[in-house]
Amino acid sequence: MDANEYVVRTKGLVKEYTMGDQTLRALNGVDLDIYRGEYISIMGPSGSGKSTLFNAIGGLDKPTSGSVFINDVDMAQLDAQELAYLRCHTIGYIFQTFNLIPVMTALENVTLPTIFAGLSTDEGIERGIELLKIVGLDKRLHHKPFELSGGQQQRVAIARALANNPSIILADEPTGNLDLKTGQEIIALLKRLNVEQGVTIISATHDLKMLDISDRIVWIRDGKIDKLEERKNIELKMGEMEGEPVH
Amino acid sequence: MSVDKPSAHVTHREVRQQIKLPFSKAVEISLKSIKIRFARSIITAAGIMLGIAFFASVRMSAEFSVIHDKIVNETVAAFQAGKLHHITEDQTRMITSATTDVKAARQDAIAARERLDWLSIMALIVCTVGITNAMLMSVTERYKEIGTMKCLGALDSFIVKLFFIESCLTGFISSVIGFLLGWFIISLVHIFTDGLQAFGVQFWTSSLTLFGISVLIGTFLTFIATIAPAVRAAQMPPAAALRVEI
């Protein structure tokens, strides 16, 4: 098997949360292989474990057992430095609540990861402007997050996620806090980046609009993969699933 | 718009590379943090400032009491040696009260100074509580920001570094202002009660010493009060830090 074929692989992923004397199994043995350059959506009702899976893949939380391989590197083997390096260079994160640093302007938010990566100030600013242009915010460089609309904030977050040319973008409910139209614009933007720049996009969502542009859809239920579908197999069903026109 | 294709394969050797936060950048970010959250920073600083002002004013009162004693002793000694030619009204009062009831006056002065020592210990405790409260809040309200920074590749040490710079700056500036406030008010009071006679060399040297002590205590306490919660927040897994809602 070609080592480069998969960008993310998980093996027997289990995550347990202890609440009082009860143990809750949020993930119950997830095996998932994600191809390089694909757009994959993790679907499931809230509480199904999709955010937990998102956190495990992104190295934001340690799984109770099982392993996650990013580019064939076992994440459990990495020390703090290496993990930070991975988060800085290989993975870009997008959140439902945008999570921009409130005290920094759009440009400073996008430039921050380039500082960690060791780029000079000028290089970082150049890169930041270029990225904000890509997401269509080159007129809003010096606005603070609170001066931007939700959709604009999410665009800044996407630009920030791309700052160090990651091979993976992890998006946790990227359209969850946005209205229908803005959500569609964000989805279209993610798809464009996926096609134009070959970034692998892994998105946890329960937004059905995502289905149309995903290459594969993983359905999670009770901490397990319920079914894994290729888009071409479910396209026919789309009309029945959602009344509103899908972009 | 030329964006490089993402690196096809990240090898383990590449993972070994370092990520960094230069000190100048850290100072820049910390300063921005203080400036933008100005209202919040002012309240935090006010907590520290008032604590130090309280401490400085109590210590300053004690210094004045020592200086006053010394002046009385010198006046009495000079009077007994017959060196005083023009006796002012103030001096007459000093000499009569010091000579008529020596023992009681001494005891009064000692008791007063002991009270002041207790009061300055209390002031320090109030000061510590105020600073800890202010800095704890300032770290807690930023859990999400800390989690986000870690997602962007920040090491735990970057977070601690940012808070270290911020707390030292806040602590230093507010201690200086706090000292000046306490010092000025007490000095002003003594100008009106005792006149200018107490403002000699000893006043200035003890003021300077107290300034150093106050600023050191203020900065150190701020630093201690920030570092513990900041380290704890920095060590949290990013997912946990992002989950925190306030």
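The values are calculated or read from the model by the stated rules, or taken from the named source; none is laboratory data. Quick caveat: nothing in here was measured; it's all calculated off a predicted structure. Here the Cβ positions follow ideal geometry from the backbone for every residue, glycine too, while neighbour counts run over all protein chains shown. For accessibility, only protein heavy atoms count, side chains too; no ligands or nucleic acids. Shrake-Rupley method; radii C 1.70, N 1.55, O 1.52, S 1.80 Å.
For the reader, a short list of remarks on this structure follows.
- Positions within the stretch A:106-123 being among the β-branched types (Val, Ile, Thr) and either closer than 20 Å to residue B:147 by Cα or modelled with pLDDT of 95 or more (or both), in sequence order: A:110, A:111, A:114, A:115
- Yes/no for residue A:110 being closer than 29 Å to residue B:244 by Cβ and surrounded by fewer than 22 Cβ atoms within 10 Å (Cβ to Cβ): no
- Conditions (1) open to solvent by less than 20 Å² (accessible area, probe 1.4 Å); (2) more than 24 Å from residue A:219 (Cβ to Cβ); number of the one not met by residue A:186: (2)
- Any hit, the stretch A:145-153, residues being at pLDDT 90 or above and within 16 Å of residue A:92 (Cβ to Cβ): yes
- Looking across the stretch A:163-183, the residues that are small (Gly, Ala, Ser), open to solvent by less than 30 Å² (accessible area, probe 1.4 Å) and in contact (Cβ under 8 Å) with a residue 60 or more places away in the chain come down to A:163, A:167, A:171.
- Count - residues of the stretch A:124-139 that are away from chain B (no Cβ under 11 Å), surrounded by fewer than 19 Cβ atoms within 10 Å (Cβ to Cβ) and farther than 16 Å from residue B:28 by Cβ: 3
- Entry remark, the stretch A:71-122: residues being of a type in the set (Phe, Trp, Tyr) and more than 9 Å from chain B (Cβ to nearest Cβ) number 1 in total.
- Selection of the stretch B:191-246 for residues being within 14 Å of another protein chain (Cβ to nearest Cβ) and either part of a helix (DSSP H, G or I) or among the small types (Gly, Ala, Ser) (or both) yields B:231, B:234, B:235, B:238, B:239, B:240, B:241, B:242, B:243.
- Test: residue in the stretch A:89-104 that is farther than 25 Å from residue A:178 by Cα, assigned to a loop (DSSP other than H, G, I, E, B), touching a residue at least 24 places away in the same chain (Cβ under 8 Å) and open to solvent by less than 20 Å² (accessible area, probe 1.4 Å): yes
- Breaking point among (1) surrounded by fewer than 20 Cβ atoms within 10 Å (Cβ to Cβ); (2) over 22 Å from residue A:40 (Cβ atoms), for residue A:153: (1)
- Residue in the stretch A:148-166 that is out of contact with any Cys (no Cβ under 8 Å at 6 or more places or on another chain), within 11 Å of chain B (Cβ to nearest Cβ) and on the phi > 0 side of the Ramachandran plot present: yes
- Residue in the stretch B:152-164 that is open to solvent by less than 30 Å² (accessible area, probe 1.4 Å), basic (Lys, Arg), over 14 Å from the mean Cα position of the chain (by Cα) and under 22 Å from residue B:20 (Cα atoms) present: no
- Residue A:33 under 24 Å from residue A:214 (Cβ atoms), at pLDDT 90 or above and open to solvent by 20 Å² or more (accessible area, probe 1.4 Å): yes
- Within the stretch B:41-50, the set of residues being open to solvent by 60 Å² or more (accessible area, probe 1.4 Å) and either outside any helix (DSSP H, G or I) or in contact (Cβ under 8 Å) with a residue 40 or more places away in the chain (or both) comprises B:43, B:50.
- Within the stretch A:4-26, if we keep just the residues that are closer than 21 Å to residue A:169 by Cα and either part of a strand (DSSP E or B) or open to solvent by less than 10 Å² (accessible area, probe 1.4 Å) (or both), the residue that is farthest from the other protein chains (Cβ to nearest Cβ) turns out to be A:11.
- Residues satisfying the stated conditions in the stretch B:1-36, i.e. charged (D, E, K, R) and either part of a helix (DSSP H, G or I) or at pLDDT below 80 (or both): B:4, B:5, B:13, B:14, B:16, B:25, B:28, B:32, B:35
- In the stretch A:57-70, the residues that are open to solvent by less than 10 Å² (accessible area, probe 1.4 Å), over 24 Å from residue A:195 (Cα atoms) and more than 9 Å from every other protein chain (Cβ to nearest Cβ): A:68
- Taken over the stretch B:56-83, the criterion of being crowded, with 16+ Cβ neighbours inside 10 Å, more than 18 Å from residue B:109 (Cα to Cα) and without any contact (Cβ under 8 Å) to a residue 40 or more places away in the chain is satisfied by B:79 alone.
- Test: residue in the stretch A:154-167 that is within 21 Å of the chain's Cα centre (by Cα) and either modelled with pLDDT under 90 or more than 24 Å from residue B:21 (Cα to Cα) (or both): yes
- Yes/no for residue B:210 being of a type outside the set (D, E, K, R) and closer than 17 Å to residue B:121 by Cα: yes
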